[in-house]
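What follows is a single structure, written as structure tokens, with notes after it.
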Amino acid sequence: MEERNASAYSRAETRTVTVDGIKYAFRTVGAGDHAPLVMLNHWGANLDNFDPSIVDGLSADRPVFALDYRGIGASEGAVRTTVGDSAADMASVIRAITPGPVDLFGFSLGGFVAQEIALTQPDLVRRMILAGTGPAGGEGGDEISGVTIRAILKALVTRRDPKYYLFFTRSESSRRAAEEFLARLNERTRERDNPVSLRAFLRQLKAIKAWSKQPAQPLDQIDKPVLIANGDADSMVPSEHSTDMARRIPNAELVLYPDAGHGSIFQYGGDFVHRARAFLSN
């Protein structure tokens with residue numbers, strides 16, 4: 001039985017929508033008059049990898065939708081091997097489940113997908129939050145697999161979740177934040193999403209590598225307000241990429257959290273939710 005004080009997101013029903021013959025899984029919480037917020041998650045993440053405290057915080061005055069990519073979790077089909085194809089999928093799903101335009105929240109791989117949607121289907125996007133992510137063709141993007149594999153091996157030895165090493169720094173406060181974050185991800189005890197297979201994991205990696213090698217995109221053509229957040233010590237997607245995006249996107253606001261890595265928004269969840277809600281409410 002789930003605790004009575006469990007977050008609304010950890011108790012949310014997993015729903016599906018069929019688009020072009022493929023069934024996609026999603027969860028939704030919250031209500032209000034603000035534009036819907038659609039959340040796109042990181043490499044190897046299913047619906048149970050969205051931080052419940054952040055989802056609940058952002059859904060206090062607006063509907064929030066968390067999506068599974070094609071072939072991830074309870075979504076059907078084969079995982080896409082390009083960011084462009086994933087973006088096309090997610091845009092179609094968004095149009096099927098909620099009236100647009102919507103606000104987009106993309107974390108890591110989700111940030112790649114969000115950028116692609118904003119560039120190819122700008123009518124669908126009102127505002128955008130990009131966290132722990134970077135632009136197409138960013139230097140060092142092809143190193144993510146090595147960083148991840150080393151963290152996975154270390155996690156196996158220490159019997160920890162790889163995100164403990166990938167998302168946080170090694171300071172005492174950051175390690176404590178990692179433990180709290182991982183505990184939140186286990187809040188949901190019933191009807192959890194399907195695990196992400198190794199094949200799906202590797203197909204997403206192929207998309208990430210292709211993104212890192214493709215030509216830079218015209219980010220100056222994104223005319224939507226954008227909030228960019230990252231830690232100052234991101235080992236997965238170098239923090240310099242956040243600074244680069246903030247420079248290239250005309251109406252961008254940047255926050256770099258100190259002593260924080262890829263998962264800075266989880267370490268500084270309270271501040272991030274406050275900033276994000278203020279940004280989205282305009």
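Annotations for the structure displayed:
- When peptides 151-164, 21-34 are sorted by average Cβ neighbour count within 10 Å, with the highest value leading, the order is 21-34, 151-164.
- Residues 234, 259, 61, ranked from the fewest to the most other C-beta atoms within 10 Å, line up as 61, 259, 234.
- Among 42-50, 174-182, 266-274, sorting by the average number of other beta carbon atoms lying within 10 angstrom of each residue, highest first, gives 42-50, 266-274, 174-182.
- Cα-projected label distance for residue 243 with residue 197, points at 7 Å along beta-carbon direction, nm: 4.2
- Sites residue 18 and residue 120 - FRET efficiency at Förster radius 25 Å, r taken between beta-carbons, to 0.05: 0.65
- Within the listed set 149, 228, 208, the Gaussian network model of the chain (springs between alpha-carbon atoms below 10 Å) gives the highest mean-square fluctuation for 149.
- Placing a pseudo-label 7 Å from each Cα along the Cα-to-Cβ vector at residue 81 and residue 176 gives an inter-label distance of 4.6 nm.
- Kirkwood-type hydrodynamic radius, the chain: 18.6 Å, calculated from all non-identical alpha-carbon pairs.
- Set of lysines near residue 209 by C-alpha distance (under 25 Å), chain-local residues within fewer than 8 positions excluded: 154, 163
- Estimated [θ] at 222 nm from DSSP helical runs (n ≥ 4, -39500 (n - 2.57)) normalised by residues in the chain, nearest 500: -11500 deg cm²/dmol
- Relative contact order of the chain, pairs being alpha-carbon contacts under 8 Å that are 6 or more residues apart, as %: 21
Any read-out appearing in this document is the output of simple, stated calculations on the displayed coordinates, not a laboratory observation. Bear in mind that the values here come from a model prediction, so they are computed numbers and not experimental data. Positions of Cβ are generated from backbone atoms using ideal geometry, with glycine treated the same way; all protein chains shown enter the neighbour counts.
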